[in-house]
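The values are calculated or read from the model by the stated rules, or taken from the named source; none is laboratory data. Since we're looking at a predicted model, the values are computed, not measured. Here the Cβ positions follow ideal geometry from the backbone for every residue, glycine too, while neighbour counts run over all protein chains shown. The accessibility values were calculated without ligands, DNA or RNA, using every heavy atom of the protein model including side chains. Shrake-Rupley method; radii C 1.70, N 1.55, O 1.52, S 1.80 Å.
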Amino acid sequence: MTIVSAETPPILEISHLTKSFNQAGPVILEDFNLTLRPGEFVSLVGASGCGKSTLLNILAGLDTASTGTITGSQKASLMFQESALLPWLTAGQNIELAIKLADLEDTETEEKFLTKAERKAKAQELLEMVHLGQVYNLRPHELSGGMRQRVAIARALSQNRKILLMDEPFAALDAITRDHLHDQLIRVWQETGLAVLFVTHNVREAVRLGQRVILMSSRPGRIIREWEVPFRQPRRIDSPEVADLAHDITDQLRIEIRRHAR
Amino acid sequence: MPDNSIIKPVPYNDITSLAAGLDALELPSAPAGAKVKGIFRALAPFLAVFLVFVIWEGIALLRLQPSYVLPSPFDVWNALSDQANQGLLHVSALNSLRRGAQGFLLSVVIAVPLGLALGLNGTARAIFRPIVTGLQQLPSVAWVPAAIIWFGLSDATIYAVILLGAVPSIINGLISGIDQIPPLYLRAGKVLGAKGLRRIVYIVLPASWPGFLAGLEQGWAFAWRSLMAAELIAIAPALGPGLGQMLDTGRQLGDMALVLGAILVIMVVGVLVERLVFAPIRIRTLRNRGLITVK
């Protein structure tokens, strides 16, 4: 596991970020500040309307901020609630395409261009990393939801980005599969040293995974409070210490939600 | 009493075995094949054709009309084999098929960039889509007189009519294919770094393929019809034989058996192209994407 200290320079620094879709419209994100250090796992929780997805879209380059700055030279991978695997390609080809596109994008810098055989080998290796070595030639629709998300993790890893943004990636999975994917994600995170920003509205999941849990308010989205999660990985989602911390965070979340009652 | 001591304790966090177990439970077991059904499906259309011929022959036998008005299937068969013996049947069919295929491929080359432009650019679409739709509504046979005036009785006339019939269909197919792309794929493509031409090649075209393919099928059907209309009207020795010309020969000779025979050949060629070219591509596309399971 990467040791993160306050002295490590941040891989991503968001300061005073504000987002509204038009001048008169509602403010989605207000004065949002976050520092992400290399290899750090941060969970972001909040109710609907807290701008979590908007934030990730801005960080991934799918949207732009209204004001504020984002510093950090690193490109980020983004995972969605749905796997977003391309249905006309096999599992392996999905990863190959991601490698190829990353190569094409990075050729201006220093990355070397992999041959087709090298891409194929790398894709297979990544599938084995998420214990899916046998599905290379299967199409996305032939895989279960959990398997698709593991292929999506492998695809995100294939682009050699240092930051992984995850937008409720396990929300549509059943509890047993989700539990398993938590194990897989933590193991991959420990092996790769990625910095992860994990958005969820499942408080226990946030505590199960993150080194820090950040609670956001809704309309506008602002940071309310932050918790350090001191427990060692691998944790269990049903362990008492996870439950206790989740209990406190849920209390705060409910206070925030009640504020919106009319 | 079972001896619990021989069961090896597996640690809670053994991910490999957990993954293997979950995946085995979640993957469907292989479905049983239905071969008999497949054979029946393949033969079913011939049953209908057979039935039509039996009824037709029955009506012809009643002699309600003289055979030069209502020939029997055997008269039609004789007319066609007569054409075949003169070496005209396969030359005409191949000639028409070649023109149709060339005209169709040329239509695809023209329609793809236009379809992409109209599919991806809202302004271009707002300006030009009505023209495309208008052209699609117009039966392309209406262009034959104009094409003859412009190009004379030449191949150019025939290709112009095919293009005017097929291009609008293919453009509209590509546009609707693009419209039906789930936004998630476009977002995923953007996150993966597919920009500009790469976005079109790796994301937009494959994602729009099911709708685009439907447009291609329709485009082929329009190309084939337009070709027949053009061949029927534009007749000159320089153009050589074709199925449309064969139809016109039948008309001039008052040979009803030949007219019906030519109609049958035109239909059969159309069906064969659909069955042998488009249907396999369509089924493979839908099956790969999980849009059909068994068919």
With the 1.4 Å probe rolled over protein heavy atoms, the protein assembly as shown has an accessible area per residue in Å² of 51
Find, among the GluC sites (Glu not before Pro) in region A:114-207, those assigned to loop by DSSP (not H, G, I, E, B) with at most 10 other beta-carbon atoms within 10 angstrom. none
Report, to two decimal places, the Cα Rg of region A:86-160 normalised by 2.2 N^0.38 Å (N = number of residues). 1.06
May I ask for the accessible area buried between chains A and B, both sides summed, probe 1.4 Å, to the nearest 100 Å²? 3300
State the Cα centre-to-centre distance between region B:114-157 and region B:223-295 in whole Å. 22
Over all directions, region A:43-147 yields a Cα convex hull whose mean projected area in nm² is 9.1
Kirkwood hydrodynamic radius, chain A, all distinct C-alpha pairs: what's the number in Å? 19.2
Among the helices of chain B (complete DSSP H runs), which have Cα atoms covering no less than 30 Å along the helix axis and a Kyte-Doolittle mean of at least -1.0? B:35-61, B:88-120, B:155-179, B:205-233
Evaluated at 25 °C with a viscosity of 0.890 mPa s, what Stokes-Einstein diffusion coefficient in µm²/s does the protein assembly as shown have when Rh comes from the Kirkwood expression over alpha-carbon pairs? 86
Could you tell me what % of all Cα pairs in chain B have separations over 28 Å? 57
Could you look at the protein assembly as shown and say what percent of its accessible area is carbon and sulfur, using a 1.4 Å probe and all protein chains? 63
Taking accessible area as the heavy-atom solvent-accessible surface of the protein chains with a 1.4 Å probe, which residues of region A:87-106 lose no less than 20 Å² upon going from the isolated chain to the full protein assembly? A:87, A:88, A:97, A:100, A:101, A:104, A:105
Using a 1.4 angstrom probe and counting only protein chains, how large is the accessible area of residue A:64 in Å², to 10? 100
Can you work out D for region B:17-148 in µm² s⁻¹ from Stokes-Einstein, where Rh is the Kirkwood radius over C-alpha pairs, the temperature is 10 °C and the viscosity is 1.306 mPa s? 72
Which is the longest stretch in chain A that no exposed loop site breaks, taking sites as chymotrypsin sites (Phe, Trp or Tyr not before Pro) with a DSSP loop state and at most 16 other Cβ atoms within 10 Å? A:114-230
